[in-house]
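Values in this text are rule-based calculations from the coordinates and carry no lab data. Every value quoted in this text rests on a predicted model; they were computed, and no experiment measured them. Here the Cβ positions follow ideal geometry from the backbone for every residue, glycine too, while neighbour counts run over all protein chains shown.
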């Protein structure tokens, strides 16, 4: 059952996003932006101080002796990180790496009681030493409510890859190494997680909104200043339309002159029915009367993609990012769709994991499967994969980076 507090919090989150992205108008929005700009200066100072403390060894960085790769960004949401993590993990798994993805599990619920785990070590593990085990690589142990949307998606799409969730990713890493035998750790959304040293920082930049709104949190969507792109070893431009992005690359080179740049596009591949699991090609949408349901950071891109695929978009319903729909909300939305003679409801893959399964019969519900395709820089991607999979190779820059961190 949805509570007034939950409704109010969700409405405020949507309104705050409208303020940050400039969609909200009026005097209240104007005053809010002024306040947020003042807070942004404080946030920027705190972030730079934090970075200084870690890199000057005033705060401890943990070196776990296992190849660690961070995939992240310098903006909040919407860069297409999860499909890239999936592609990287699948590629490395095919090269026989034993992968563990370490996630914070944003907006996941706390477990009612600790999971049971039989340790391979002599001393049994205490509950506080256990992260949330979403997947061991052989079995999925948690649903999206306790795992979080993206970790559950990754676990579902990546058999053979472990997925662990904890705010303390050092704890998750130790568990992955000692209990699951991981030889490669992927920090999902790890660019700001400075407690763990890493061999490789992969930074994602949305080609359509490379630096978000251009302002630091909370007034904008930048998590840290643009100059911190200097930490990236590889830069991946996401959601490209294939136009080349010469001006954007020139801007990036002001902050990072050496990192190889890989250009990708995030495109829908097929539709999948939430009830029957049947798959249909994208032209199935053509001329259909469609309702779009989403709870993501940038819903406009999702809605535009439906129109581009030929759908007649009749109804749009937007919730806050990671919002957990209630049965009552979905029932009301379904009734609205029935009144409008909607042919199908389409949602995102991330939202599909939160969709109440008991309310699927009246209007067919489908999700768009999104996958990453490399448009430019395939040689850089292949070189990166080769070096990850051959860490002892002569002259390996990743190995040298690890030695520099640990030596």
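Determine the shape class of segment 35-161: with a ≥ b ≥ c the square roots of the Cα gyration tensor eigenvalues, call it rounded for a/c under 1.5, and otherwise prolate if a/b is greater than b/c, oblate otherwise. Prolate is the answer for segment 35-161, as a/c is 1.5 or above and a/b outweighs b/c. A Gaussian network model of the chain, with springs between Cα atoms under 10 Å, assigns the largest mean-square fluctuation among 278, 303, 349 to 278.
Extension gain, residue 106 to residue 39, is 21.8 nm, computed as 0.36 nm per intervening residue step minus the present C-alpha separation.
Round to the nearest 10 and give me the degree value, 0 to 90, for the angle of helix 81-94's Cα axis relative to the longest principal axis of the chain. Long axis of 81-94 versus the principal axis of the chain: about 50 degrees.
Fully extending the segment from residue 328 to residue 58 would add 92.1 nm, taking 0.36 nm per residue of separation and subtracting the current Cα-Cα distance.
Rounded to the nearest 0.05, what FRET efficiency do residue 171 and residue 12 have when you use their Cβ-Cβ distance and R0 = 30 Å? Intermediate results must be reported in sequence, preceding the final value.
Details: r = 32 Å, r/R0 = 1.08.
In this case the efficiency is close to 0.40.
Between 52, 234, 270, the residue with the greatest mean-square fluctuation in the GNM of the chain (Cα pairs under 10 Å linked by springs) is 52.
Rank the residues 172, 275, 70 as a footprinting-exposure proxy: fewest other Cβ atoms within 10 Å of their Cβ go first. Could the numbers behind the result be given before it?
On the way: 172 29, 275 11, 70 26.
Ascending Cβ contact count within 10 Å gives the list 275, 70, 172.
In the chain, the longest principal axis of the Cα atoms and the axis of helix 169-180 are about 80 degrees apart.
Report summary: the helix-based calculation at 222 nm, which adds -39500 (n - 2.57) for every DSSP H run with n ≥ 4 and divides by the residues of the chain, gives -11000 deg cm²/dmol. Given axes a ≥ b ≥ c from the Cα gyration tensor, I'd like to know whether segment 9-55 is rounded (a/c under 1.5), prolate (a/b larger than b/c) or oblate. Prolate, since a/c reaches 1.5 and a/b exceeds b/c. Between residue 195 and residue 340, the modelled labels are 4.4 nm apart [label points 7 Å from Cα along Cα→Cβ].
Would you mind calculating the gained length between residue 208 and residue 128 on full extension (0.36 nm times residue separation, minus the Cα-Cα distance), in nm to one decimal? Don't jump to the answer; show the numbers that get you there.
Details: separation 80, 0.36 × 80 = 28.80 nm, distance 4.21 nm.
Result for the pair: 24.6 nm of gain on full extension.
Working from label points 7 Å from Cα in the Cα-to-Cβ sense, the residue 241 to residue 390 distance is 4.0 nm. Treating r as the C-beta distance of residue 313 and residue 280 and R0 as 22 Å, the FRET efficiency rounds to 0.80. For the options 96, 63, 266, a Gaussian network treatment of the chain with springs between C-alpha atoms closer than 10 Å singles out 96 as fluctuating the most. Sorted fewest first by neighbouring Cβ atoms within 10 angstrom, 366, 381, 15 come out as 15, 381, 366. Under the shape rule built on the C-alpha gyration tensor, where the axes satisfy a ≥ b ≥ c, segment 268-370 is rounded, since a/c falls short of 1.5. Note on the chain: antiparallel DSSP beta bridges, both residues inside, total approximately 30 percent of the bridges counted.
Just rank 79, 348, 66, fewest to most, by other beta-carbon atoms within 10 angstrom.
Working: 79 29, 348 22, 66 17.
Listing 79, 348, 66 from fewest to most nearby Cβ atoms yields 66, 348, 79.
Taking one quarter of the surface of the convex hull spanned by the alpha-carbon atoms of segment 128-273 gives a direction-averaged projected area of 11.1 nm². Under the criterion of Cα pairs below 8 Å and six or more residues apart, the relative contact order for the chain equals 19 percent.
Can you give the angle from 0 to 90° between the axis of helix 27-55 and the longest principal axis of the chain, with both taken from C-alpha atoms, to the nearest 10? Around 20 degrees separate the two axes.
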